[in-house]
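K.L.:
Could you have a look at this structure, given as structure tokens, before my questions?
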Amino acid sequence: MEQTDAPVVSNTHLTGEYWLLEVEAPSVAAALEPGQFVNIRIRDSLAPFLRRPFSVYRVNPEKTRLQVAYKILGNGTRLMKETLQPGALCDLIGPLGKGFELPEDAKTIALVGRGIGIAALPMLADLAAARGVTSHAFLSARSRDNLVGAEIFASHGGQVFTHADDTPDDVALVTDHLLRMAESTAFDAMYVCGSNRLIRQVDKLARAHGIPAQSAMEQHMACGFGDCHGCIIEVNLDRDGESRGYREVCHHGPVFNTWEVANA
Ligand SMILES: Cc1cc2nc3c(=O)[nH]c(=O)nc-3n(C[C@H](O)[C@H](O)[C@H](O)COP(=O)(O)OP(=O)(O)OC[C@H]3O[C@@H](n4cnc5c(N)ncnc54)[C@H](O)[C@@H]3O)c2cc1C
Ligand code: FES
């Protein structure tokens, strides 16, 4: 983990409500694993005072640049769009947190994401493809143009199932597609981000099939590395949920086993 002033390469509209920031940060990009995040300080501004955490969307093949896909929610992300333009420096700390684990012998995996939670998954799809693992994507969003990164998942050759809440023809939910595909496809692992409902459903399916499943959590954060205890969630300490405990998402996560966070 290191702090760096990363030159901004681009910061452009991605799709729907989302923007894509790309920065030059070779030492961070080279060390990043899928599911890890970076903590960005909005420069030349005391408000917001705290850094803002973002999943890394993708790293370029040379591992010199990293991308963040973000939705403008409040002051921090609005200033990110306005001030982090080419020529500016992006003050970031990373890589932070614990990323996804891709089993060595995995052949087929399922990636399940909703809304901006999808942004945590393309880097995992890239890693899977590089290792010859087939990934099938199950993506949902409020509207079709908010289905972030659908073309990235498709480019790796796996199937991509989508659901947009505002599209009347989309009768089947992504979990319907996932359940149906799981009847004929032996997934070796599942990964989910962006919705507690999806986490619970993926966990149920993973338990039924006896395979690992992991979820990236997106809690409010302050320090980003385990010092302030501002991002604590209650987790299961055993698979039956009989024993419960507390974990910092930034430090123990953001990636957890779904059985740990299915009722977080
Ligand atoms: C590990 C991690 C990875 C993340 N990855 C991404 C990403 O890839 N792309 C992306 O757009 N966002 C991501 N987020 C969320 C992102 O950090 C927030 O959207 C951002 O901090 C909002 O800052 P702001 O100043 O614009 O909004 P604020 O003014 O801080 O908040 C505006 C509104 O958004 C809500 N909000 C802020 N942060 C969160 C959050 N973490 N969860 C739910 N609601 C929140 C606030 O309650 C408030 O209602 C991630 C968060 C975490 C913890
Ligand atoms: S954000 Fe400070 S401990 Fe997690």
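The values are calculated or read from the model by the stated rules, or taken from the named source; none is laboratory data. As the structure is a prediction and not an experimental result, all values here were calculated from the model. Please note: Cβ atoms are built from the backbone with ideal geometry, for glycine as well, and neighbour counts cover all protein chains shown. Note: accessible area is taken over every heavy atom of the protein model, side chains too, but ligands, DNA and RNA are not part of it. Shrake-Rupley method; radii C 1.70, N 1.55, O 1.52, S 1.80 Å.
K.L.:
Restricting attention to the stretch 210-221, report how many residues are modelled with pLDDT under 95 and over 18 Å from the mean Cα position of the chain (by Cα).
P.N.:
Step one: filter the stretch 210-221 for residues modelled with pLDDT under 95, giving 218-221.
Still in the running and over 18 Å from the mean Cα position of the chain (by Cα): none.
Qualifying residue count, the stretch 210-221: 0.
K.L.:
Inspect the stretch 68-81 for any residue being within 16 Å of ligand 2 (Cβ to nearest atom), aliphatic (A, V, I, L, M), out of contact with any Asp or Glu (no Cβ under 7 Å at 6 or more places or on another chain) and open to solvent by 70 Å² or more (accessible area, probe 1.4 Å) and give the result as yes or no.
P.N.:
At the first step, the residues of the stretch 68-81 found to be within 16 Å of ligand 2 (Cβ to nearest atom) are 76.
Filter again for aliphatic (A, V, I, L, M), leaving none.
No, the conditions are met nowhere in the stretch 68-81.
K.L.:
I would also like to ask the following. Name the pairs: first residue in the stretch 68-80 and closer than 13 Å to ARG51 by Cα and in the same structural domain as ARG41 (by the TED database), second residue within 16 Å of ligand 2 (Cβ to nearest atom) and in a loop (DSSP other than H, G, I, E, B), Cβ to Cβ under 7 Å, at least 6 apart or on different chains?
P.N.:
Filtered contacts from the stretch 68-80: ASN75/PRO48; GLY76/PRO48.
K.L.:
OK, next. When LEU124 is evaluated against the numbered criteria (1) open to solvent by 20 Å² or more (accessible area, probe 1.4 Å); (2) in a helix (DSSP H, G or I); (3) in contact (Cβ under 8 Å) with a residue 60 or more places away in the chain, which criterion, by number, is the only one it fails?
P.N.:
Answer for LEU124: the failing condition is (1).
K.L.:
Which residues, counting only those in the stretch 211-222, are open to solvent by less than 60 Å² (accessible area, probe 1.4 Å) and touching a helix residue (DSSP H, G or I) at 6+ places or on another chain (Cβ under 7 Å)? Walk me through how you get there before you give the answer.
P.N.:
Within the stretch 211-222, the first condition is being open to solvent by less than 60 Å² (accessible area, probe 1.4 Å), and the residues that meet it are 211, 213-217, 221-222.
Once the filter is applied, which keeps residues that are open to solvent by less than 60 Å² (accessible area, probe 1.4 Å) and touching a helix residue (DSSP H, G or I) at 6+ places or on another chain (Cβ under 7 Å), the stretch 211-222 yields ALA213, GLN214, SER215, ALA216, MET217, MET221.
K.L.:
Turning to a different aspect of this structure: State all residues of the stretch 32-63 that are hydrophobic (A, V, I, L, M, F, W, C) and surrounded by 15 or more Cβ atoms within 10 Å (Cβ to Cβ); if no residue qualifies, say none. It would help to see each step written out before you state the result.
P.N.:
Step one: filter the stretch 32-63 for residues hydrophobic (A, V, I, L, M, F, W, C), giving 32, 37-38, 40, 42, 46-47, 49-50, 54, 56, 59.
Of everything in the stretch 32-63, those that are hydrophobic (A, V, I, L, M, F, W, C) and surrounded by 15 or more Cβ atoms within 10 Å (Cβ to Cβ) turn out to be LEU32, PHE37, VAL38, ILE40, ILE42, LEU50, PHE54, VAL56, VAL59.
K.L.:
Moving to a separate point now. Please go through the stretch 228-255 and pick out each residue that is over 15 Å from SER215 (Cα atoms) and open to solvent by less than 20 Å² (accessible area, probe 1.4 Å).
P.N.:
The answer is CYS231, GLY245.
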